[in-house]
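A short worksheet on the structure shown next.
The values are calculated or read from the model by the stated rules, or taken from the named source; none is laboratory data. Being a predicted model, the structure only gives us computed values, none of them experimental. Neighbour counts run over all protein chains shown; Cβ positions are idealised from the backbone, glycine included.
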Amino acid sequence: MLPRALPVKKPLLRNFSVTRSKATNLILFSIIVAILDGVFKFFALTRLPNEGSRALFPIDFLLHKNPGIAFDIPIPMIIIFLLTLVIVFSLAKFGIKTWKHEPEKSLASALIVIGALGNLFDRFLNNFTTDYIILFGRSAINLSDILIISGTILLLWYTEDRKRRTLSK
């Protein structure tokens, strides 16, 4: 008697499809998240203690003013503005182009654009990005950063998923 073959596990999100209707709803939700991020940034600037005043593990809410880009890398503000605008316009164009046949990529692009615009607006007002979520006493982020990270992960996921589906045909 031969042993039975083990069932092949399917990837977790393999059959997760995004319709244009779902994408529209998620984009509207992400706009609400970006607006909430602006409210939280205002609250952080007016009410939260500065980073370093306390550190609860693993998540804390403290004010961190980030004058640079990710990881506080110092870059002149004009370069940050120009680079952000180029990325935003490129991703918006890509999102519009892929909307009809690949709404999941449009959704991912929209998440990145909305998050980037939230942080760009903050930079324009304050000359820095206001972070208020401190992770493990080291990393400072905000909701716009979470939108950007989520969009980037989704864009990479759906690009790779499309490649796998094309190769398996």
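Note on segment 96-144: residues that are crowded, with 22+ Cβ neighbours inside 10 Å, closer than 30 Å to LEU62 by Cβ and of a type in the set (D, E, K, R) amount to 2.
Taken together, the residues in segment 38-66 that are modelled with pLDDT of 90 or more, more than 14 Å from LEU143 (Cα to Cα) and of a type in the set (D, E, K, R) amount to 2.
Considering ILE80, ILE35, ILE69, which residue is modelled with pLDDT of 90 or more, touching a helix residue (DSSP H, G or I) at 6+ places or on another chain (Cβ under 9 Å) and surrounded by 15 or more Cβ atoms within 10 Å (Cβ to Cβ)?
It is ILE80.
Scan segment 136-145 and tell me whether some residue there is in contact with a helix residue (DSSP H, G or I) (Cβ under 6 Å, 6 or more places away or on another chain), without any contact (Cβ under 8 Å) to a residue 40 or more places away in the chain and among the small types (Gly, Ala, Ser).
Of all residues in segment 136-145, those in contact with a helix residue (DSSP H, G or I) (Cβ under 6 Å, 6 or more places away or on another chain) come to 142-144.
With without any contact (Cβ under 8 Å) to a residue 40 or more places away in the chain added as a condition, the list becomes none.
There is no residue in segment 136-145 that is in contact with a helix residue (DSSP H, G or I) (Cβ under 6 Å, 6 or more places away or on another chain), without any contact (Cβ under 8 Å) to a residue 40 or more places away in the chain and among the small types (Gly, Ala, Ser).
Looking across segment 99-119, the residues that are in a helix (DSSP H, G or I), out of contact with any Gly (no Cβ under 8 Å at 6 or more places or on another chain) and without any contact (Cβ under 8 Å) to a residue 40 or more places away in the chain come down to ALA116, ASN119.
Between ASP60, ASP72, which is in contact with an Asp or Glu (Cβ under 9 Å, 6 or more places away or on another chain) and of a type in the set (Asp, Glu)?
Numbers: ASP72 fails: in contact with an Asp or Glu (Cβ under 9 Å, 6 or more places away or on another chain).
Exactly one residue qualifies, and that residue is ASP60.
Inside segment 141-169, can you point out the residues that are among the small types (Gly, Ala, Ser) and more than 14 Å from the chain's Cα centre (by Cα)? Of everything in segment 141-169, just one residue is among the small types (Gly, Ala, Ser) and more than 14 Å from the chain's Cα centre (by Cα), namely SER168.
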